[in-house]
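Since the structure comes first, as structure tokens, the remarks are kept for the end.
Please treat every number below as a calculation from the coordinates, not as lab data. In this text, all values refer to a predicted model and were calculated from it rather than measured experimentally. Using ideal geometry, Cβ is built from the backbone for each residue, glycine included, and neighbour counts are taken over all protein chains shown.
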Amino acid sequence: MKKRVLSGIRATGRLHLGNYLGAVKGMLELQDNTEYETFYMVADVHTITTPYNVEELRKNRREVIVDYLSAGLDPEKSVIFQQSEVPEHMELAFYLSSVVTIAKMQHLPTFKDKVKQYPQHATMALLNYPILMTADILAYKAGFVPVGIDQEPHLEAAREIARRMNQDYNTDFPQPQSFKTEGEYIPALTGKGKMSKSVEGSYINLTDDLETIRKKIRAVPTADTSGGEKSEGLRTLFIFLKLFSPESSGEFEKKFESGSLQFVELKDHITEAIFKELEPIQTDRKRLETDPAFVDKIIKNGNEKAREVAKKTVKEVREKMGLA
Ligand code: TYM
């Protein structure tokens, strides 16, 4: 049997370089390896765990799928679907929640961060976030999950839930592992923390044009002089250089060490390299935007295929738990 893979991205807006390098690149790699059966969704139900706008959610969940397709996710190779259209995820999440303590969920760093960000919205849905994510994965008995490093606490929780279910109810869930890429942690353009949609000025979108990217990269704070210790912003630039133009990484490092590096030259080089990778994705996106029926059909087919698999798992769990 093929090894199963599942991943998802919340519908909070268009994808940025952190999502692309940390998650989508790993999704692509596993999709193109015939040893794996890949399930990729837009996590629209996870989006309601923090304050959101209804119309924006409706729009954004489609944008994520269009971003997936333009980045190269292929409906011939992967099941591409919408989480909310497979209600078995939510049903399974409730069953799984019976083996999880409240204390355990409250201690997760991801929960604490979100409560800090939205102190008025420490809801049950937010507390349940990792359980729903576990259900997403276990509904397909997926053993591999392409995600960035920030999702590791959730995967740790998923492994524990899988273990408990197997022990208590004799299920056969795998212990899901993250599948990481070279870009597992993409820093913010501001030079502080990680690239994130919720921090203005920290990210580059997959849809940004050359001039927008140039403006954003030029704004990355750098030290006044070349040589010596690298500032946070400069370290960020060198990370981009390594990811988008590895062949010129050595040359720029040398220039930096010798004190002759012109920051604007480095920045413009990185800008061109990023755009070179994004341009074909943007061209594909423009084409897809003209054919909404095609996208609708992919989502509908994906939903059906995903649901078939998830239904089977839920049926099994219901039987093992004495509910059927
Ligand atoms: P989300 O929407 O926050 O992020 C989507 C993916 O992008 C990765 N990512 C990054 N990787 C590297 N550097 C960054 N700066 C960066 N920012 C974001 C995230 O690690 C993630 O892989 N919980 C998930 C959504 C989800 C899911 C799932 C994932 C729901 N169910 C089941 C896998 C399996 C999330 O918050 O994604």
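Between rounded, prolate and oblate, where does the stretch 115-180 land on the alpha carbon gyration tensor, with a ≥ b ≥ c its root eigenvalues, rounded for a/c under 1.5, else prolate if a/b exceeds b/c?
Oblate is the answer for the stretch 115-180, as a/c is 1.5 or above yet b/c matches or exceeds a/b.
How much mean residue ellipticity at 222 nm does the chain get from its helices, if each DSSP H run of length 4 or more adds -39500 (n - 2.57) and you divide by all residues, to the nearest 500 deg cm²/dmol?
My calculation for the chain gives -16500 deg cm²/dmol from helical runs alone.
Based on the Cβ-Cβ distance from Leu210 to Ile48, what FRET efficiency comes out when R0 is 30 Å, to the nearest 0.05?
Once rounded, the FRET efficiency stands at 0.25.
How big, in percent, is the set of alpha carbon pairs in the stretch 61-201 lying more than 21 Å apart?
Summing the P(r) of the stretch 61-201 above 21 Å gives 53 percent of all pairs.
Averaging over every viewing direction, what projected area does the convex hull of the Cα atoms of the stretch 155-288 cover, in nm²?
11.6
Once the Cα atoms of helix 232-244 and of the chain are each reduced to a long axis, what angle between those two axes, in degrees from 0 to 90 to the nearest 10, is obtained?
80
Which one, Ile137, Ile65, Ile213, has the greatest fluctuation when you compute a Gaussian network model over the chain with C-alpha springs under 10 angstrom?
Most flexible of the set in this elastic network: Ile213.
Looking at the chain only, what percent of DSSP beta bridges run antiparallel? Nearest 5 please.
About 10 percent, rounded to the nearest 5.
Based on Cβ point charges of +1 for Lys and Arg and -1 for Asp and Glu, what charge dipole magnitude is obtained for the chain about its Cα centre, in debye rounded to the nearest 20?
My answer is approximately 780 debye.
Please give the Cα centre distance for the stretch 82-123 versus the stretch 194-221, rounded to the nearest Å.
What the calculation gives is 30 Å, centre to centre.
Just going by the charge dipole of the chain, with Lys and Arg at +1 and Asp and Glu at -1 on Cβ, which of Thr190, Pro87, Pro221 is farthest out on the positive end?
Pro87
What is the sum of charges, Lys and Arg at +1 and Asp and Glu at -1, for the other residues whose Cβ falls under 12 Å from the Cβ of Phe39?
Around Phe39, the surrounding residues sum to +4.
Across the chain, how large is the tail of the calculated P(r) beyond 30 Å, expressed as a percent of all Cα pairs?
That fraction is 38 percent.
Quote the relative contact order of the chain in percent (integer), defining contacts as alpha-carbon pairs under 8 Å separated by 6+ residues.
The value is 23 percent.
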